[in-house]
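Step one of this worksheet: look at the structure below.
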Amino acid sequence: MQDKQSLTHTHLSYRSVVDAIEEVIGENGKKAVLRFTGLEHLIDDPVDYDPEARVPYEYVTKLFFGVREIMGNKGYNAVMYRGGLISVKNIVDHSEPLRALIAMELDPVEKLKMGYQAYVRNTGHDPEEILKHITESREILIHRADCSECNELVKMNEMIKGITKPGCFFIKGIMQGIGDSFKEEIAVMVEESKCRLIGDKECMFRIKYEI
C-alpha cells in the first residue's frame, strides 16, 4: 500500500538529484531544467541536505519528468544514477548513525544487510516484508511494488512505450551507493531485474555481493 512517505524523497535525496543535474549538464543546464519543470524557486532557494525533512510528492514527479523530457531516457538514466550515488555520499556526510555502522566491527555481510534495512525503513516499509537475504547465492533482494521513481509513468502508457529495459536508475544508484559505502570489506553489484516500466508487477533490485 502506498503512503505519503513511500512516494516522497528527503530533502537530502532531492538536493542530490539537483546536484547531479548540475554535475552532468552544468549550472545553466540545471537552471533550465528547474525552470522547465516550474521549480525555478529552487534556483535561489534550494532545499538543504536534511536527511529527515521531505519534499512534496509533486516536486518529485516534476523534477523526474523534467529531466526525462529534456534529456531523453538515456540522459535521464545517467543523471538519476549519479543522483542516487551522490545521495548516499551526502547521507554518509550528514548521518552519524550510518558512519557509525560503517565503522562497526561486525560481519561485513551483516553490516551490508543493516544498511539496506535502514534504507527500506526510510522509505516507509518493513524490511521483513520487502527485503530478502539469500545467503546461498550471496544476494539481497528488495521488492518495490510502489516504486516512487516510476509510479506516475506507469499510469501514462504513451510515455513508457520507448522504454524496453528497467529504468529506475535513481533507486539503483542509491542501492549501489549503499553497497559502495562498505567497499573496504565487501564488493557489491546492483541490477534491477524487474521493473514496472516494462510491464512487471513490481520493481525488484538484486544486490549481489562478494567478500
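The values are calculated or read from the model by the stated rules, or taken from the named source; none is laboratory data. No experiment lies behind these values; they were computed from the predicted model shown. Cβ placement follows ideal geometry from the backbone for every residue including glycine, while neighbour counts extend to all protein chains displayed.
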Open item on the list: Kindly evaluate residue 53 against the criterion of being touching a residue at least 12 places away in the same chain (Cβ under 8 Å) and in contact with a His (Cβ under 6 Å, 6 or more places away or on another chain).
Closed with: yes
- [ ] Among residues belonging to the stretch 131-158 that are under 16 Å from residue 196 (Cα atoms) and of a type in the set (Val, Ile, Thr), point out the one that is modelled with the highest pLDDT.
- [x] 142
Open item on the list: Here is a list: 176, 117. Which entry is modelled with pLDDT of 95 or more, over 14 Å from residue 208 (Cβ atoms) and of a type in the set (S, T, N, Q)?
Closed with: 117
- [ ] Just need a number here: residues in the stretch 130-175 that are surrounded by fewer than 19 Cβ atoms within 10 Å (Cβ to Cβ), in a strand (DSSP E or B) and either in contact (Cβ under 8 Å) with a residue 12 or more places away in the chain or hydroxyl-bearing (Ser, Thr, Tyr) (or both).
- [x] 4
TODO: Exactly one condition in (1) touching a residue at least 12 places away in the same chain (Cβ under 8 Å); (2) in a helix (DSSP H, G or I); (3) within 25 Å of residue 207 (Cβ to Cβ) is not met by residue 71; state its number.
DONE: (3)
Open item on the list: With the requirement that a residue be of a type outside the set (Asp, Glu) and modelled with pLDDT under 90, what does the stretch 91-104 give you?
Closed with: 91, 92, 94, 95, 97, 98, 99
Task: Count of residues meeting criterion [assigned to a loop (DSSP other than H, G, I, E, B) and among the aliphatic types (A, V, I, L, M)] in the stretch 176-204 - done: 1
Open item on the list: Criterion first (at pLDDT below 95, under 17 Å from residue 85 (Cα atoms) and not small (Gly, Ala, Ser)) does residue 192 satisfy it?
Closed with: no
- [ ] Take residue 155 and decide whether it is under 28 Å from residue 12 (Cβ atoms), in contact with an Asp or Glu (Cβ under 6 Å, 6 or more places away or on another chain) and not hydrophobic (A, V, I, L, M, F, W, C).
- [x] no
